[in-house]
There are 2 protein chains.
Amino acid sequence: MTAQSETVLGETVQRKPGRGRAARRAERSGAASQNAHLRVPFITRNIAPYDLLGEDSLQKIEATADRILAEIGIEFRDDEETVRLFRAAGATVTEVSAGASNLRFEPGMIREILKTAPARFTQHARNPANSVEIGGDATVFAPSYGSPFVMDLDKGRRYGTITDFENLVKLGQSSPWLHHSGGTICEPTDVPVNKRHLDMVYAHMRYSDRAFLGSITAPERAEDSIEMCRILFGADFVDRNCVVMGNFNSTSPLVWDGVSTRGIRAYAAAGQGSVHLPFLLGGAVAPLTTAGAVAQCLAESMAGCALTQLVRPGAPAILASFLSSMSLRTGSPTFGTPEPALGSLVMGQLARRLNLPLRCAGNFSTSKLPDAQAMQQAMMSMMSAVQSGANYILHSAGFLDGLLSMSYEKFMLDADLCGALHAYMAGVAVNEDTLAFDALAENGPGEHLFGCAHTLRHYETSFWDSGLNDDTTFETWSEAGGEDAMTRANRAWKKTLAEYQAPPIDEGRDEALKDFMARRKASVDDAWY
Amino acid sequence: MTAQSETVLGETVQRKPGRGRAARRAERSGAASQNAHLRVPFITRNIAPYDLLGEDSLQKIEATADRILAEIGIEFRDDEETVRLFRAAGATVTEVSAGASNLRFEPGMIREILKTAPARFTQHARNPANSVEIGGDATVFAPSYGSPFVMDLDKGRRYGTITDFENLVKLGQSSPWLHHSGGTICEPTDVPVNKRHLDMVYAHMRYSDRAFLGSITAPERAEDSIEMCRILFGADFVDRNCVVMGNFNSTSPLVWDGVSTRGIRAYAAAGQGSVHLPFLLGGAVAPLTTAGAVAQCLAESMAGCALTQLVRPGAPAILASFLSSMSLRTGSPTFGTPEPALGSLVMGQLARRLNLPLRCAGNFSTSKLPDAQAMQQAMMSMMSAVQSGANYILHSAGFLDGLLSMSYEKFMLDADLCGALHAYMAGVAVNEDTLAFDALAENGPGEHLFGCAHTLRHYETSFWDSGLNDDTTFETWSEAGGEDAMTRANRAWKKTLAEYQAPPIDEGRDEALKDFMARRKASVDDAWY
């Protein structure tokens, strides 16, 4: 056997020069070079989206969204400037209570306003190689967002801390299968509520060199997030480019409150991105039926997106949906169920017709452990996100416990799944080489293809190779301890954190960021609610 | 609060008369009446299939399959009658060794022969309410097939026995989310190889009243299976209707051996169904590239299907694919990976163009435990089966350990997932009621929909309610013991077996079956290989 040969299934096959056993063994460890050919700063989808509904059904949903906007209206609270902007654009304004106005929009008016919103845009990362595109055939995976608790197999469930937050940013940065550092990856509950946004934004800037989300919990925190970006990227660059986004929730049904709209205006005025998300629990704040929930989602999210264009035409805005079902047994939200998955597919169709980028779904689950339930539910939800053609998939890693907990182990399992989805979204190439007629003809019926030229040429890149799943025989697996997937994931996050190295950062900017944070923190007393 | 009201999320809502708390509580146990509105003998899909490839790519794959059949040919071994039938139909026959002939088919010839095969047919169950349709928009779920081992959390992995086989038939019969009893649900290794087919067929007939698969391991065992059906259903009924099917494997690449083709001929001659399955491990017996593997699969499976039409035009034949990837680390097959999932979607498109029913994919996994890996992989595979529009999905429940083991716990997890897929395949209804404009208009912005008429009308049927997943709060779950999904599944199969009741059977026919088996068993010595 020569240095250029290798044993595969007991057969000796030729290997290309310079790739000996040692290199292969390193590759097999599932570490640095795993599936290297699939690594990209963001995914360019090579699969058609899954078009669930026909033209007639889509038109009915759109017409219902238009009727909601025209006949029921959206209530805007505690933000006179937003009401003024929409009134100037032609909305019919009715004051319904102190600080609250019902706004109605003629059919087509919101769509007309949205025409200046970009169908696709770049969110710049401080490492230019990690900048992502959002929209069109580009898909971006970001970690889960907003859990007050964290959990792992060693310490169970507890409130998240800034140390957890930093750990999870580091785990995200270390995965080649996530593209974006996310936002409130967990709540750092050991930091005062009115100051934690500074630490969160800094953690994303310091421990990751990818794009991230800024704060949205108060307008001044949104402004702080953007100001820190000006320090990191330079004010002029920030004015001309999207470097940060805010993820804003409507107050369903059919309300946008002032904290959200003021934040949306802050991001838009700075030319930064915003996600416009109705969280629709069917039967509580939306109809139980998917068609109705999707129509409402479209109406609410379009109204939020439109606001950005009134503030600054061309500001990036992302249509979004977060559909949840309800447990008949407990009345609480459930995740990873079939109906929201179908709704996400429909949202994909609607977003494409509107020519706007879409955020939807993610690796959702109501399980309290990273177990069979967790990944069954996660897959139901995540496949719908990927197949809907969603462009920005928040909640791609770590989501457990109905979003109340960020799980260290599920983070690793989900990130590995995100890798598999890179292979899935690469699609099926059909050409003379991949059709492989010559490979079959080479030896003919009954002869295996282990050593044929076609197999050697494609061997290293044909199949997704998971870094976490165990594909060995029962005997091998059993002798190695017979571990389940969550135990492997537990070891994996510890190993990843132990090996983590922070990306380099300009010392002057780092000092300036720390100085800004110190001044902002000193300027107000701590608040804990 | 009246007897017709119920608390949902702390809100009192009206409930329809005659459905008090007790009835609801029974329903919530996940037992008999769980998701009753979704129960059907087979699924009629209400979602469009996922069309992955465009016309040009599909034509290239079809042309490659035609070239394989015309220029490389298929080798048929040890079955002169099959060679005679194909020669008479126009094939070019070249003897390649003793008993083996290479057959080549002019482009279009196989497709022409297939025109008499039904696009859709009924497989009758002994309980007519459980008869299934296979083809078109009908989908049938059947348990996993062919594992030599069984495993459960109590006793681990061991060789399957006839008791395991009967247990698993009972578990299948007890699930409303499976439609078909399957075939070799596990190998009953404690029964002689040449006699176990009798016990297996009898177990399906006695402990289930659903349709099932007969034996294929030898032509005389195929004949025994059909003869037992004649006893159960009546010979005349069997001659006029499909009551049993055989699942036949080609010997890839591009070979059909005589044991398979003689069996195929036996089923077809009796007017019974057959599945024509290439098991394609890319890089071993097929090209590593998906396009090539699918083209080969199409060629091999079409050739098998065509044989049935030469024997008896109109006999049911199912196109099939079983695509597997290879672990770069071990060279062994892997399951639940992205590339075979994409291949299954393409096979769905090809089957529709050929107007033949399709079997493909299932709940595949290489995990050795019913854990996170198991369900992540299973979902990757199963979603492709469902979305491809596959009509007969074998391996829908229990598949673990790369098909070497049938898992009691995964059987339960998979069957519950099959339930969720009933809801998924019901699709999104879009009409005035489901668009729910009036429900939103009733109270307007900011008001929840708990008690509105629309919510009450749809409350019990809107969302899939899993019988195994835990959707309670962390606190409730934790106080109840904090079990993972596999532990719940373990309890579920034991409870199901404890409560199992055999469906009634005509005593005379039961005696006749036992008598037939006894005579057949007495007629030959035991053989153990």
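Every number here is computed from the coordinates shown, using simple stated rules; none is lab data. For clarity, every value in this text was computed on a predicted model and none was experimentally measured. Because the Cβ atoms are built from the backbone with ideal geometry, glycine has one as well, and the counts that use them run over all protein chains shown.
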Original post:
Between residue B:236 and residue B:432, what is the spin-label point distance in nm, taking each point 7 Å from the Cα along the Cα→C-beta axis?
Top reply: 5.2 nm
Original post:
Once Rh is set to the Kirkwood radius over Cα pairs, what Stokes-Einstein translational diffusion coefficient, in µm²/s, holds for the protein assembly as shown at a temperature of 37 °C and a viscosity of 0.692 mPa s?
Top reply: 109 µm²/s
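Working out 0.36 nm times the residue gap between residue A:98 and residue A:480, then minus their Cα-Cα distance, what length gain in nm do you get to one decimal?
Taking 0.36 nm per residue and subtracting the Cα distance, the gain is 130.8 nm.
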Original post:
If we count other beta carbons within 10 Å of each Cβ, what is the order of A:448, B:458, B:179, fewest first?
Top reply: A:448, B:458, B:179
Original post:
Share of antiparallel DSSP beta bridges in the protein assembly as shown, in percent to the nearest 5?
Top reply: 50 percent
**OP:** Show the residues, 5+ positions off or on another chain, whose built amide H is closer than 5 Å to the amide H of residue A:400.
**Re:** A:405, A:407
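Can you tell me, using C-alpha contacts under 8 Å and at least 6 residues apart, the relative contact order of chain A as a whole percent?
About 18 percent, as a whole number.
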**OP:** Could you tell me which of the pairs A:155/A:368; A:195/A:410; A:368/B:155; B:170/B:410; A:170/B:410; A:155/B:495 are separated by over 23 angstrom between their Cα atoms in the structure shown?
**Re:** A:195/A:410; A:368/B:155; A:170/B:410; A:155/B:495
Original post:
How long is the stretch B:463-525 along each principal axis, judged by its Cα atoms, biggest number first, in Å?
Top reply: 62, 30, 20
**OP:** Report, largest value first, the span of the C-alpha coordinates of the stretch B:68-181 along each principal axis, in whole Å.
**Re:** 55, 35, 23
Original post:
So what's the angle, to the nearest 10 degrees on a 0 to 90 scale, between helix B:507-523 and the longest Cα principal axis of chain B?
Top reply: 40 degrees
**OP:** Highest first, please rank the peptides A:329-338, B:36-45, A:298-307 by the mean number of other Cβ atoms sitting within 10 Å of their residues.
**Re:** A:298-307, A:329-338, B:36-45
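Of all DSSP beta bridges located in chain B, what percent are antiparallel, nearest 5?
50 percent
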Subject >> FRET E, pair residue A:353, residue B:137, Förster distance 30 Å, beta-carbon r, rounded to 0.05 >> reply: 0.70
Original post:
What is the average number of partner chain Cβ atoms found within 10 Å of a Cβ in A:419-429?
Top reply: 5
**OP:** Please give the FRET efficiency for residue B:518 paired with residue B:217, using the beta carbon to beta carbon distance and R0 = 25 Å, rounded to the nearest 0.05.
**Re:** 0.75
Original post:
Computed over the Cα atoms of the stretch B:377-529, what is the convex hull's projected area averaged over all directions, in nm²?
Top reply: 16.8 nm²
**OP:** Above 18 angstrom, tally the Cα pairs of the stretch B:115-181 and express them as a % of all pairs, no decimals.
**Re:** 52 percent
Subject >> Distribution of pairwise C-alpha distances over the stretch A:171-231, 5 Å bins, in % >> reply: 4, 19, 31, 24, 15, 7, 1
**OP:** Work out, in µm²/s and without decimals, the Stokes-Einstein translational diffusion coefficient of chain A at 4 °C, 1.567 mPa s, Rh from Kirkwood over C-alpha pairs.
**Re:** 53 µm²/s
Subject >> Point-to-point label distance, residue A:511-residue B:153, nm (Cα→Cβ direction, 7 Å offset) >> reply: 5.8 nm
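Where does each of B:87, A:221 land when they are ranked from fewest to most other beta-carbon atoms within 10 angstrom? Spell out each step's value before the answer.
Working: B:87 13, A:221 25.
With the sparsest Cβ surroundings first, the list reads B:87, A:221.
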**OP:** Calculate for chain B the 222 nm mean residue ellipticity that helices alone would give, adding -39,500 (n - 2.57) per DSSP H run of length 4 or more and normalising by residue count, nearest 500 deg cm²/dmol.
**Re:** -13000 deg cm²/dmol
Subject >> Residue-averaged beta-carbon neighbours from other chains (10 angstrom radius) around B:377-388 >> reply: 4
Subject >> Axis-nearest residue of B (beta carbon) for the B-onto-A rotation, whole Å >> reply: B:379, 2
Subject >> the stretch A:190-285, relative contact order in percent, only Cα pairs under 8 angstrom and at least six apart counted >> reply: 27 percent
Subject >> Nearest 10 degrees, 0 to 90: helix A:338-354 Cα axis against chain A principal axis >> reply: 70 degrees
Original post:
If one takes the longest principal axis of the Cα atoms in chain A, at what angle in degrees, from 0 to 90 and to the nearest 10, does the Cα axis of helix A:219-233 lie?
Top reply: 50 degrees
Subject >> Charge dipole of chain A about the Cα centre (unit charges at C-beta), most positive-ward option of A:256, A:450, A:325 >> reply: A:256
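Treat the count of other C-beta atoms within 10 Å as a stand-in for reagent exposure and order A:516, A:399, A:463 from fewest to most. Kindly include the intermediate steps, with their values, before the conclusion.
Values: A:516 17, A:399 34, A:463 24.
Ordered by Cβ neighbours within 10 Å, fewest first: A:516, A:463, A:399.
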Original post:
Counting alpha carbon pairs within less than 8 Å and at least 6 residues apart, what relative contact order, in whole percent, applies to the stretch B:59-201?
Top reply: 17 percent
Subject >> Histogram of C-alpha separations across the stretch B:49-131, 10 Å bin width, % >> reply: 15, 31, 27, 21, 7
Original post:
Just going by the charge dipole of the stretch A:452-527, with Lys and Arg at +1 and Asp and Glu at -1 on Cβ, which of A:508, A:474, A:487 is farthest out on the positive end?
Top reply: A:508
Subject >> Two-decimal Rg to Rh for the stretch A:275-321 - Kirkwood Rh, Cα set >> reply: 1.07
Subject >> Rh (Kirkwood; distinct C-alpha pairs) - the stretch B:315-415, Å >> reply: 13.5 Å
